[in-house]
1. Looking only at the stretch 8-350, where both bridge partners belong to it, what percent of the DSSP beta bridges are antiparallel (to the nearest 5)?
2. Using the Kirkwood formula on the Cα atoms of the stretch 8-350, what hydrodynamic radius do you get, in angstrom to one decimal?
3. By DSSP, what percent of the beta bridges with both residues in the stretch 200-298 are antiparallel, rounded to the nearest 5?
4. From zero up to wherever the largest Cα-Cα distance of the stretch 151-255 sits, split into 5 Å bins and tell me the percent of pairs in each.
5. Applying 1/(1 + (r/R0)^6) with R0 = 22 Å to the Cβ-Cβ distance of residue 347 and residue 274, what FRET efficiency is obtained, to the nearest 0.05?
6. Between the stretch 274-344 and the stretch 157-203, what is the separation of their alpha carbon centroids in Å?
7. Quick check for you: which residues of the stretch 214-242 have the amide N under 18 Å from the point 7 Å beyond the Cα of residue 172 toward its beta carbon?
8. Given the Cα-Cα distance of residue 111 and residue 237 and 0.36 nm per residue of separation, how much length would full extension add, in nm?
Ligand code: CP3
């Protein structure tokens, strides 16, 4: 077991003292980096890139070669689980994800099962072990999964959607069917995240990208309740260290108290929430991750620095803040600007 040279990120998630505010970016390995586009072209397709441990390791490390980031995130996708369930995932060039089969009828739901991660998802676990080895203790590795509800959105629609009409139709006509899908997904995500932890993930994040599309009452029942089940079932400690869990509901700013009660160690915030107010609301219960508007990276270097300063000041003194974007980095961002952001977080937070 190699010791971690930089564990600032893990300490901040547990609200332990830190020398500066750690930072990583959602989608930090991605199309805004020319070296990512080159490796993806060599792999042939996005899924082939995910399935090749050597290439997945290469792209995971690319942003760390450019910037002094405080964490690496496994290069994969949230849709690997429904793919392993046999739904047939593909990514057409320039389009979003597509599934060959959807889950809409009683019969579709009855045949769903939670895949054994050491079988159809072994390629992800191989990537995790390979990345850990390549990192050699530089920074911690984050594992991740989609939330049961967010996965269900893609499984039911078969693709992304503006209104999630089929999901909402099921929720308001056959809630029992939706609950059955969510129960299978919660089992699948728990097993998958635990397998990632066993393979070497040192923190995990649950991406609840579409939870914010639910009504207030439906969010608790159809998204948060299932994330709670997952958090309860996660391995909490490995090799003598706590494995922190981050819950990120995009558009979840109005439910922070409830999310803080889920058992997660940290809450991911999108950019629509004031982080000072978020901290007041959750108190000492959890750490906060976020929450720069990703579009700030289209502004000037001065604009980026002043937004970083504003968020650091709003969070205030003391540990418990991991700097991040409020959602994934855009493919159109200039990599130089990402560098400005990371430098600003480190230098401005050290000075305080
Ligand atoms: O953060 C990282 O660097 C790790 C890798 C990562 C990817 N996807 C790689 C990816 C992570 C954590 C994800 C999560 C993910 N995937 C989410 C949740 C977070 C979010 O953004 O809301 C969702 C909803 C997906 C599903 C997904 N994957 C969509 C909708 C798309 C297409 C849209 C797009 O941006 O092209 C993907 C493809 C995808 N996943 C890409 C990357 C780098 C781009 C694919 C490519 O290279 O062509």
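1. Approximately 20 percent, going by the DSSP bridge assignments.
2. 20.2
3. 15
4. Binned Cα distances yield the sequence 2, 11, 22, 22, 18, 12, 7, 3, 1, 0.
5. Values: r = 23 Å, r/R0 = 1.07.
Here the calculated transfer efficiency is 0.40.
6. Taking the Cα centre of the stretch 157-203 as reference, the centre of the stretch 274-344 is 28 Å away.
7. 214-223
8. Once the chain is fully extended between residue 111 and residue 237, it gains 42.0 nm.
A short reminder: the numbers here are calculations on the coordinates, not readings from a lab. Predicted model only: the values in this text are computed from it and were never measured. Please note: Cβ atoms are built from the backbone with ideal geometry, for glycine as well, and neighbour counts cover all protein chains shown.
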